[in-house]
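Here is the structure we will look at, set down as structure tokens.
The values are calculated or read from the model by the stated rules, or taken from the named source; none is laboratory data. Remember, predicted model here, so these are calculated numbers, not experimental data. FYI the Cβ positions are ideal-geometry reconstructions off the backbone, even for glycines, and counts take in every protein chain you see.
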Amino acid sequence: MRRVFLTGASSGIGLAIAKSLVEEGHEVWGTSRNLERIPKLPRLHPIRLDLADRLSDREGIQFRARRSWLLRRCDQQRRGRSL
């Protein structure tokens, strides 16, 4: 199981990737401007993030600060390092 931080998880390619990762058993934190657009699935955790909304940005930044280990792991996976 991997932990994934995914932007644009409410539609299009982002949503398809989120669904695929969840089906494979991964834990996904997905962002969207509108949380109602992210389907309620086990292991899919919605995060409101709208770059045009300062409060939303702060919420997203606070999440990232609390979950910095998650972002480091995602970055390591992106670079091809084993965990």
Among the residues listed as 8, 60, the single one being modelled with pLDDT of 85 or more and either under 10 Å from the mean Cα position of the chain (by Cα) or surrounded by 13 or more Cβ atoms within 10 Å (Cβ to Cβ) (or both):
8
Restricting attention to region 27-50, the residues that are assigned to a loop (DSSP other than H, G, I, E, B), buried (at least 16 other Cβ atoms within 10 Å of the Cβ) and either out of contact with any helix residue (DSSP H, G or I) (no Cβ under 9 Å at 6 or more places or on another chain) or of a type outside the set (D, E, K, R) (or both) number exactly 2
